[in-house]
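Okay, so here's the structure we're looking at.
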Amino acid sequence: MAKTNGLCLGISEQEARLKDYIEKTGRDPSLLLSYLQEAQEIFGYLPEEVQVIISKETGIPLADIYGVVTFYSQFSLVPKGRNSISVCLGTACYVKGAGDILARIKELLNIEVGGVTEDGLFSLDATRCVGACGLAPVVLINKDVYPKMTVDAVEEVLKKYRNKEEPGE
Amino acid sequence: MDEKMVNLKINGLAVQARAGSTILEAARRVNIEIPTLCHLKGINEIGACRICVVEVKNAKSLVPACVYPVSEGMEVKTNTLKVQKSRRMTLELILSDHRKDCVNCVRSKNCELQNLSNDLGVDFLRFGKHEKEPMPESSTVHLIRDNSKCILCRRCIAMCGAVQGVSVLAPVERGFRTKVSTAFDKKLSDVPCVKCGQCIAVCPTGALTDKEYTQEVWEALEDPDKHVVIGTAPSARATLGECFGMPIGTNVEGKMVAALRRLGFDGVFDVDTAADLTIMEEGTELLERLEKGGPFPLITSCSPGWIGFAEYFYPEFLPNISSCKSPQQMFGAIMKTYYAKKKGIDPKDIFVVTVMPCTAKKYEITRSGQSAAGSGIPDVDVALTTREISRMITRAGIDFVNLPKEDFDPAFGEASGAAHIFGATGGVMEAALRTVAEILTGKPLERPEFHEVRGTKNIKEAEYDIAGKKIRVAVTSGLANARKLLDRIKNGEAEYHFVEIMGCPGGCVNGGGQPIQPGPVRGFTDLRSLRAKALYDEDRGMTLRKSHENETIKKLYEEFLEKPGSHKAHEILHTTYQPRSRY
Ligand code: SF4
Ligand code: SF4
Ligand code: SF4
Ligand code: FES
């Protein structure tokens, strides 16, 4: 199965789309956030090559762009897996054992927070409070919410995604 | 003065202050000092650290004095128990993960964090034991970054970005993980750092320090087979005294020479002599271009910070830059050719050390095309900063302040006033104009001063009528200013024949290798002008004020280099530049 590495597939077309967008909006350094959002939309993530394009097009120093990308958790430096797992580490989830659940997921998938599995199937993030404290501890996979998760249930849940032919919407 | 003033009270004292100024500034008017840490006047005014908090009547909480504006009727208290407690708490939190190895830290005794902790009575730490591990990054030739001593004041970022227009440092990540870093956490050697060292000069702690090369010099001095010579940059004499507690702007040329001789150098020489040589070569280049009609502007090449900047950011201007090596490199080149021959010493046994205001000089000595003697023998072996030589003097137990004055060795020690002022922004321009004007008119100048190119204004411009020729010049320093000037030239908004660019704001007197002055001193004294004054005063008191009248230089051409711009001079004293990729 091909990896979902956007850069391998038709960089020039994606690059042209991003450059076009920056051009149309006037190469305005104050629009950096929307350039980054657009770029992530197009490429799926924001590797160095993509940030260099933005730097060259806007004149914003690469270090500043990297600073912004690492500041906001919505941006990713690595390609996302086809199923993106988020474990809420807000206070309520945390006291109800979200840390253990996260550890279990890391162990099962053999990746760190921010990482992607080798087959490109899963990526893992830890998030701040998602506002579902009544359901703590909460795990999100794509748009599916798993309330009151337990360490034991993790394996079953992940299986569902492994077995799916199409990745979850 | 028709500026609007407001009346306020600070600790019960009535103060008048300019509307829009800060509590910090107002307090100084009545001799009240408010401690600061992240603040750098005009450069980093972000109110980040909150060491400077004060109580303002009717304000809900303590306010940061460094950014809080004064207002009519305001009542401020700068030293209540509440204020003291808050400042100590802030410091304790900063210190909780700071790697506190003051005993081994090069910034000890000159560290703003250490001093504040002492001054504010932080004598007991409640949250210790989380000290970061050392994490030195030493990929470049000029500095070591160690974030285990970084307090996230962001002064370096402001310096590298807003002042130098280089912007290779940025805050990355967030919350507890926030750190000062580069794009993709690359090594500094892999990003377009121009090695100006301005970040070191403003860091309040030991997070950014010189990469020290004194050991190589000690070893050379003890090596019986080496003939070790040292040459000092124009600006070092105007600043070295600060390292020994002397007032800013004291010219310590004579004591400096005495100290270097006591360290055991076989020759103590003046790089200013090489600065005169630079003027002969660069002046000739300018005259040639005036004759040929371009390409204009000719841009100076003395500052390796500027050269690095041009290679990374303005490669289209490389053909405009003078091919002259810098005075440091000309000094080394002459030592390893002419001087070696005269002394009958093999160039490889001559060890050339320089004292420089500049960390980029450490990079310059490693550049290609800087080997006049050939066979890979570098023109200069070690470039020390003013700070490093002060450490050598201290280590050797030399009582600098009480030394008698001594003169440079005559073989390469005579220099003109024109060379001395190289150390200040506009100095190279003025030195060149003195010589070029006399050559063009064939008459001695009535007054050798060119006041229009002096001073610390960001961009200085002038037009001179010399022998019927109109010569338009511009002078700038600090690379963000250089950016502005170059963009104007690029867009056809300005035209000049000759442009002087120095990498550091104010020129070499404010170089990245100069003695470190704490934030409050930088903010409230005009460091650049005071230091520059020492050089202009020296020039004014001299009879030899023009490079082309320097007898040592005349003899050098007669015996060795033939004439300015000769083939031989080009082989030994000139160099080339190449574009470099920013990414
Ligand atoms: S940076 Fe300052 S406080 Fe920190 S170890 Fe060095 S001298 Fe001490
Ligand atoms: S040496 Fe100059 S260019 Fe390099 S990081 Fe420091 S301030 Fe920036
Ligand atoms: S490296 Fe120095 S100047 Fe830069 S943020 Fe850290 S402490 Fe401040
Ligand atoms: S907040 Fe005022 S000095 Fe840092």
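The values are calculated or read from the model by the stated rules, or taken from the named source; none is laboratory data. On a predicted model such as this, the values are computed, not experimentally measured, just so you know. Every residue, glycine as well, gets a Cβ built from its backbone with ideal geometry; the counts of neighbours run over all protein chains shown. Just so you know, the surface numbers come from the protein's heavy atoms only, side chains and all, with ligands and any DNA or RNA stripped out. Shrake-Rupley method; radii C 1.70, N 1.55, O 1.52, S 1.80 Å.
Residue by residue through the stretch B:536-552, what is 3J(HN,Hα) from phi via Karplus (6.51 cos²θ - 1.76 cosθ + 1.60, θ = phi - 60°)? Round to whole Hz and write x for glycine and proline.
For the stretch B:536-552, the Karplus curve yields 5, 5, 5, 4, 4, x, 9, 8, 7, 10, 10, 4, 6, 9, 5, 5, 4 Hz.
I'd like the orientation of helix B:81-96 relative to chain B: the angle between its Cα long axis and the longest Cα principal axis, in ° from 0 to 90, rounded to 10.
Result, in degrees: 60.
Please compare each pair in B:Lys343/B:Lys443; B:Lys82/B:Lys129; A:Lys143/B:Lys132; B:Lys336/B:Lys555; B:Lys109/B:Lys132; B:Lys443/B:Lys490 to a cut-off of 28 Å on the Cα-Cα distance and tell me which ones are over it.
Those over the limit are B:Lys343/B:Lys443; A:Lys143/B:Lys132; B:Lys443/B:Lys490.
For peptide A:69-79, compute the average count of partner chain beta-carbon atoms within 10 Å of each residue's beta-carbon.
Other-chain Cβ atoms within 10 Å of each residue's Cβ, averaged: 2.
With Kirkwood's inverse mean 1/r over C-alpha pairs for Rh, give me the Rg to Rh ratio of the stretch A:3-71, two decimals please. Working shown, then result.
On the way: Rg = 11.1 Å, Rh = 11.9 Å.
So for the stretch A:3-71, dividing Rg by the Kirkwood Rh gives 0.94.
Using just the helices of chain A, give the 222 nm mean residue ellipticity in deg cm²/dmol: DSSP H runs with n ≥ 4 each add -39,500 (n - 2.57), and the total is spread over all residues, rounded to 500.
Working: 7 runs with 74 residues, N = 169.
Taken over chain A, the calculation gives -13000 deg cm²/dmol.
Any chance you could get the radius of gyration and Dmax over the Cα atoms of the stretch A:83-162, in Å?
According to the Cα coordinates of the stretch A:83-162, Rg and Dmax are 11.3, 34 Å.
Rounded to the nearest 500 deg cm²/dmol, what is the calculated helix-only ellipticity per residue at 222 nm for chain B, with -39500 (n - 2.57) per DSSP H run of length n ≥ 4? Write out the running numbers ahead of the final one.
On the way: 21 runs with 187 residues, N = 583.
Taking each H run of at least 4 residues, the total per residue is -9000 deg cm²/dmol.
For the stretch B:438-583, how big is Rg over Rh, using alpha carbon atoms and the Kirkwood form of Rh?
Ratio of gyration radius to Kirkwood radius for the stretch B:438-583: 1.00.
Do me a favour and compute the ellipsoid semi-axes for the stretch B:24-73 from its Cα gyration tensor, root of five times each eigenvalue, largest one first, whole Å.
Result for the stretch B:24-73: semi-axes of 17, 14, 10 Å.
In whole Å, what are the Cα extents of the stretch B:348-436 along the three principal axes, biggest one first?
Rounded to whole Å, the extents work out to 42, 37, 26 Å.
Can you list residues whose amide H is under 5 Å from A:Cys88's amide H, if they're 5+ apart or on another chain and H is modeled 1.01 Å from N?
A:Thr127, A:Val138, A:Leu140
How big is the dipole moment of the stretch B:5-93 about its Cα centre under a simple scheme where the beta carbon of each Lys and Arg is +1, that of each Asp and Glu is -1, and everything else is neutral? Debye, nearest 20, please.
180
Leaving ligands and nucleic acids out of the surface, order B:Tyr557, B:Tyr68, B:Tyr577, A:Tyr94 by accessible area at 1.4 Å, largest first. Let's see the in-between values first.
On the way: B:Tyr557 15, B:Tyr68 80, B:Tyr577 45, A:Tyr94 140 Å².
Largest to smallest exposure gives the sequence A:Tyr94, B:Tyr68, B:Tyr577, B:Tyr557.
What does the charge dipole of chain A about its Cα centre add up to, to the nearest 20 debye, if the Cβ of each Lys and Arg holds +1 and the Cβ of each Asp and Glu holds -1?
Result for chain A is approximately 420 debye, rounded to the nearest 20.
Taking the mean number of other Cβ atoms within 10 Å as a proxy for protection, how do you rank B:504-513, B:139-148, B:189-198, A:18-27 from highest to lowest?
Most protected by this proxy first, the peptides run B:504-513, B:189-198, B:139-148, A:18-27.
So what is the orientation-averaged projected area of chain B, using the convex hull of its C-alpha atoms, in nm²?
Values: hull surface 113.9 nm².
Orientation-averaged projected area of the Cα hull: 28.5 nm².
Once the mean 1/r over all distinct Cα pairs of the protein assembly as shown is inverted, what Kirkwood radius in angstroms do you read off?
With all distinct Cα pairs of the protein assembly as shown included, I get 29.0 Å.
Hey, can you rank B:150-162, B:173-185 by average C-beta count inside 10 Å, highest first? Intermediate results must be reported in sequence, preceding the final value.
Values: B:150-162: 22.5, B:173-185: 15.8.
Most protected by this proxy first, the peptides run B:150-162, B:173-185.
Which percent of Cα-Cα pairs in the stretch B:5-93 sits in each 10 Å bin, short to long?
Binned Cα distances yield the sequence 18, 55, 25, 2.
For B:Lys405, go through the aspartates and glutamates and keep the ones whose alpha-carbon is under 13 Å away, minus same-chain ones fewer than eight residues off.
Output for B:Lys405: B:Glu253.
What is the Å³ per residue value for the convex hull set by the Cα atoms of the stretch B:96-210?
Normalising the Cα hull of the stretch B:96-210 by residue number yields 112 Å³.
Between chains B and A, what is the buried accessible area summed over both chains (1.4 Å probe, protein heavy atoms, nearest 100 Å²)?
Numbers: alone 24270 and 9690 Å², together 32640 Å².
Approximately 1300 Å² gets buried when B meets A.
With a 1.4 Å probe and all protein chains kept in place, how do B:Glu288, B:Glu500 rank by accessible area, largest first?
Per-residue accessible area, sorted high to low, gives B:Glu288, B:Glu500.
Just tell me how shielded A:54-67 is by partners: mean number of partner chain Cβ atoms within 10 Å of each residue's Cβ, no decimals.
For this peptide, the per-residue mean of nearby foreign Cβ atoms is 6.
Percent of accessible area on the protein assembly as shown owned by carbon and sulfur, 1.4 Å probe? Intermediate results must be reported in sequence, preceding the final value.
Numbers: 16490 of 32640 Å².
Summing carbon and sulfur atoms, their accessible area is 51 percent of the total for the protein assembly as shown.
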